[in-house]
Amino acid sequence: MTNAIILARAQFAFTVGLHIILPAFSIGLASYLMVLEGLWLRTGRQVYHDLYNYWLKIFAVGFAMGVVSGLVMSYQFGTNWARFSDRVGPVIGPLMGYEVLTAFFLEAGFLGVMLFGQTRVGPRLHFFATCCVAAGTLMSAFWILAANSWMQTPAGYTVAPDGRFLPTNYWEVIFNPSFPYRFVHMVLACYLSLALLVGAVGAWHLLRDRQNQAARTMFSMAMWMAAIVAPLQLVAGDAQGLNTAEYQPAKVAAMEGDFETVPGSPLVLFGMPNAAEGRVDFSLEIPRAGALIVTHSWNGAVRGLNEFPRENWPPLPYVFWAFRAMVGLGLLMIALGWWSLVQRFRRRLYASPLLWRAAVLMGPAGFMALLSGWTVTEVGRQPFTAYGLLRTAESASPIATPGVAASLAAFVVVYFIVFGAGFLYLLRLMARRPVAGEAGPPSGVPVRSAGITPMPAVAGAPAPAAGD
Amino acid sequence: MANWLPPVWAGLIAFAVLAYVLLDGFDLGVGILFAAERDARDRDVIVNSVAPIWDGNETWLVLGGGGLLAVFPLAYSIILPALYPTIIAMLLSLVFRGVAFEFRFRARRAASRLWWDRAFLAGSALAAFCQGLSLGGLLQGIRVADRAYAGGWLDWLNGFTVLCGLALVVGYALQGSCWLIWRTEGALQRRCRRYASLLGVLLLALMVVVSLWTPMLNPSISGKWFGYPGIVLTGPVPILVALVAWRFWRGLARREHLSPFLCVQAWFVLSYIGLGISFWPLIVPPSLTIWDAAAPPASQLFLLVGTVILIPIILTYTGYAYWVFRGKVRHGEHYH
């Protein structure tokens, strides 16, 4: 693989890796806000409204950063992956087009009402806007996941004589074999990531003031999510693993570190995958457990890497280690959730500084697991862009190495300045103590993600000067 | 064979790009005017005049890019590598400028505020310049071989493209000046009239040079502009430009508020129509037509359904937003 292609992959990984955190944050938080506002309307308890306003301000900034980094993504496919765009564009281009339209519509329509409309529209209409934003973020995820899943398990296409992939059936393109599994796994990941973040913020404020009602409520809600959704995610991940074993067996072999196909495959807990020698060095194994996990049978055989031509192997260490990072973090999440259950039933949820500290530490765990999971699935897709059909080496743009290197350096520098400042600002917002009677987003400064909605001006701005 | 789809989609993509140029042009332009407008209070007024709307304006660019990938994937996959440095620089400038919008208000110290002001100015100017370079690079033609870009990564750089870049910086600055004539008052408005008058002369001169240079790039373009029957279609364009120019300076002289802005936008529309005539039916000059580059009818039709439903809603909403935010922006006032 040439330097230019490696640099182009690094650039895509860097820009999408930074971007994916932000939509995941928006997907999770939009749904959380919907729940908070729904609870407030139902129970009338002020604390839900306070929490809504507290997190709404954070949502505005995170959404804005996601829009900016998303702009870059819509051009990355062309700048660095031109041959991929040419050959696969007819199939997945329209899916991404729908994502843009959905996001545009959402931004134009309901986001402004949600951010600024609390005093201008009735509570029910405002709740409707919040629900639309939450649904819109899920719709965006739907289209992007459909396009991404197609790259993993292509369906509903034919190949034209010139090598282009042409759609024959959009239903099959969208609902390709891995799509339902990925969609569920991803949405749960977004919810879980956000829950851990909310839990960490709640715990952080409990450590400072254990009487703070808003901090208590958000911590409690987050721990319910961790206790219930983290185990569910394990089930969803297992289902996706079975699907991957069926359609992308080489990826599963890399995840598991299996080179040979033997009945009753062991589970490799740790070790150093050694592709050159075709074995895992220093491995710590549990007999038959690998077979049990991947095939759901004691005597099943995980297909080993040696069944596949070496040039079709994904880069082993990345897939192997990222998979362990994801699963390890997931198990820690389950442990945190169940620990909180124990404390809850002992009525010590608001008197457990040790649990709070653990929750603070686990704050970024969801996003780290999400990035690890993406590494597993996307690096595991290598050396193909459309799995089994189009190789990565045949997908890149004809750009010379210095061009790709220079643009990668520029992206790294600009992103560190811009998103560094942005994340710092988000942390500052989350470090601020939630108070009773929390106000909505600030009304004196522009918020980028206000979109084109005029709601803030409807009542806020002075009447237009006469004669204009 | 659904032969009507590529022209329909070419029209829709062209419309998205035109909407972008008309809408984001003036808000990039007010950023460029930061070069001359140094007063902190005036800068706040300038930024506030576009703060509620600029984000929606920029989304048309995402629509243009995403749409191109979906319906003309071959054009997308040739144009972006050919113009690689200008596209990347433009995106990074827009990122920088986008966050500068927010961060200049959040900065606590005057020094860091000044820094974000500079980022706003530099990002706006560089984004405009890169868009001009990209337009020039596309117009002068792109070498294509075997369904891919076949040139080097600096092929786009020459006198013509630099001239196009300058023209767009001047043009956006003019849009920005006229926007501020419309939306502000007092000393700032008077200064903007002076800028507009100067920039108007400059832009007209650049338009003439670019217009005379363009047909020389390619015989097929000169045939359209100067040969019969093309001239029946192309002839009215310069005449209309001259008429609009007359109306523009009359509006400035009579201290009208809105007409200079509308005249500049009319100039942009006319130039855009001229470009359309030069391009048609090509999407990547000199070799690819919109039919060559089109995705299969199934792809184009699939996306068309959603687009014809959503675009009118978005347009209605945009129009409503502009109507609500009409009126003069004054010191110390916010639209938020």
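In table form, for the structure just shown:
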read-out	value
Output for the range A:383-415, where each listed residue is of a type in the set (D, E, K, R) and touching a helix residue (DSSP H, G or I) at 6+ places or on another chain (Cβ under 8 Å)	A:394
Selection status of residue B:255, among the charged types (D, E, K, R), more than 21 Å from residue B:21 (Cα to Cα) and part of a helix (DSSP H, G or I)	no
Complete set of residues in the range B:213-252 that are assigned to a helix (DSSP H, G or I) and of a type in the set (Phe, Trp, Tyr)	B:213, B:225, B:226, B:246, B:248, B:249
Failed item, numbered, when residue A:258 is tested on (1) touching a Leu at 6+ places or on another chain (Cβ under 8 Å); (2) outside any loop (DSSP other than H, G, I, E, B); (3) not basic (Lys, Arg)	(2)
Residue check, residue A:235 free of Cβ contacts under 8 Å to residues at least 40 places away in the same chain, within 28 Å of the chain's Cα centre (by Cα) and in a helix (DSSP H, G or I)	yes
Search result, residues across the range A:85-125 that are modelled with pLDDT of 85 or more and of a type outside the set (A, V, I, L, M, F, W, C)	A:85, A:86, A:87, A:89, A:90, A:93, A:94, A:97, A:98, A:99, A:123, A:124
Hits in the range B:179-207 - residues which are closer than 20 Å to residue B:246 by Cα and within 14 Å of chain A (Cβ to nearest Cβ)	B:179, B:181, B:182
Pairs, first under 14 Å from residue A:171 (Cβ atoms) in the range B:298-314, second at pLDDT 90 or above and hydroxyl-bearing (Ser, Thr, Tyr), C-beta under 8 Å, six or more apart	B:298/A:168; B:298/A:170; B:302/A:170
Residue list for the range B:269-307, filter: assigned to a helix (DSSP H, G or I) and within 11 Å of another protein chain (Cβ to nearest Cβ)	B:293, B:297, B:298, B:299, B:300, B:301, B:302, B:303, B:304, B:305, B:306, B:307
Residue satisfying condition, being farther than 28 Å from residue B:79 by Cβ, within 14 Å of chain A (Cβ to nearest Cβ) and under 24 Å from the mean Cα position of the chain (by Cα), within set B:326, B:330, B:255	B:326
Subset of the range A:81-135 (residues that are more than 9 Å from chain B (Cβ to nearest Cβ), in contact with a Ser or Thr (Cβ under 7 Å, 6 or more places away or on another chain) and small (Gly, Ala, Ser))	A:134
Check on residue B:143, over 23 Å from residue A:407 (Cβ atoms), out of contact with any Lys or Arg (no Cβ under 9 Å at 6 or more places or on another chain) and basic (Lys, Arg)	no
Residue list for the range A:275-295, filter: surrounded by fewer than 11 Cβ atoms within 10 Å (Cβ to Cβ) and outside any strand (DSSP E or B)	A:276, A:277
Hey, residue A:319 β-branched (Val, Ile, Thr), in contact (Cβ under 8 Å) with a residue 60 or more places away in the chain and closer than 30 Å to residue A:387 by Cβ or not	yes
Residues within the range A:398-412 that are at the interface with chain B (Cβ under 9 Å from one of its Cβ atoms) and among the aliphatic types (A, V, I, L, M), tallied	5
Selection from the range B:47-93 of residues that are more than 7 Å from chain A (Cβ to nearest Cβ) and outside any helix (DSSP H, G or I)	B:72, B:83
Residues being without any contact (Cβ under 8 Å) to a residue 60 or more places away in the chain, in contact with a Ser or Thr (Cβ under 8 Å, 6 or more places away or on another chain) and surrounded by 21 or more Cβ atoms within 10 Å (Cβ to Cβ) - total across the range A:137-168	2
Meets criteria (basic (Lys, Arg) and either surrounded by fewer than 23 Cβ atoms within 10 Å (Cβ to Cβ) or under 17 Å from the mean Cα position of the chain (by Cα) (or both)) for residue A:42	yes
Every residue from the range B:1-31 that is under 14 Å from residue B:283 (Cβ atoms) and free of Cβ contacts under 8 Å to residues at least 12 places away in the same chain	B:11
Criterion violated by residue B:220 - all others in (1) surrounded by fewer than 17 Cβ atoms within 10 Å (Cβ to Cβ); (2) touching a residue at least 24 places away in the same chain (Cβ under 8 Å); (3) within 14 Å of chain A (Cβ to nearest Cβ); (4) not basic (Lys, Arg) satisfied	(3)
Every residue from the range B:125-152 that is among the hydroxyl-bearing types (Ser, Thr, Tyr) and touching a Leu at 6+ places or on another chain (Cβ under 8 Å)	B:134
Residue A:64 vs. criteria touching a strand residue (DSSP E or B) at 6+ places or on another chain (Cβ under 7 Å) and facing chain B (nearest Cβ under 9 Å)	no
Filtered residues of the range B:1-17 (kept if within 11 Å of residue B:301 (Cα to Cα) and modelled with pLDDT of 90 or more)	B:5, B:6, B:8, B:9
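Results for (1) under 24 Å from residue A:374 (Cβ atoms); (2) crowded, with 24+ Cβ neighbours inside 10 Å; (3) in contact (Cβ under 8 Å) with a residue 24 or more places away in the chain, shown as yes or no for each residue.
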position: A:199; (1), (2), (3): yes, yes, yes
position: A:203; (1), (2), (3): no, yes, yes
position: A:215; (1), (2), (3): no, yes, yes
position: A:223; (1), (2), (3): no, yes, yes
position: A:226; (1), (2), (3): yes, yes, yes
position: A:229; (1), (2), (3): yes, no, yes
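Residues checked against (1) surrounded by 17 or more Cβ atoms within 10 Å (Cβ to Cβ); (2) assigned to a helix (DSSP H, G or I):
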position: A:322; (1), (2): yes, yes
position: A:338; (1), (2): no, yes
position: A:354; (1), (2): no, yes
position: A:357; (1), (2): no, yes
position: A:366; (1), (2): yes, yes
position: A:378; (1), (2): yes, yes
position: A:388; (1), (2): no, no
position: A:406; (1), (2): no, yes
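The values are calculated or read from the model by the stated rules, or taken from the named source; none is laboratory data. Here the structure is a predicted model, which is why all the values come from computation and not from measurement. In this analysis, Cβ positions are derived from the backbone assuming ideal geometry, glycine residues included, and neighbour counts consider all displayed protein chains.
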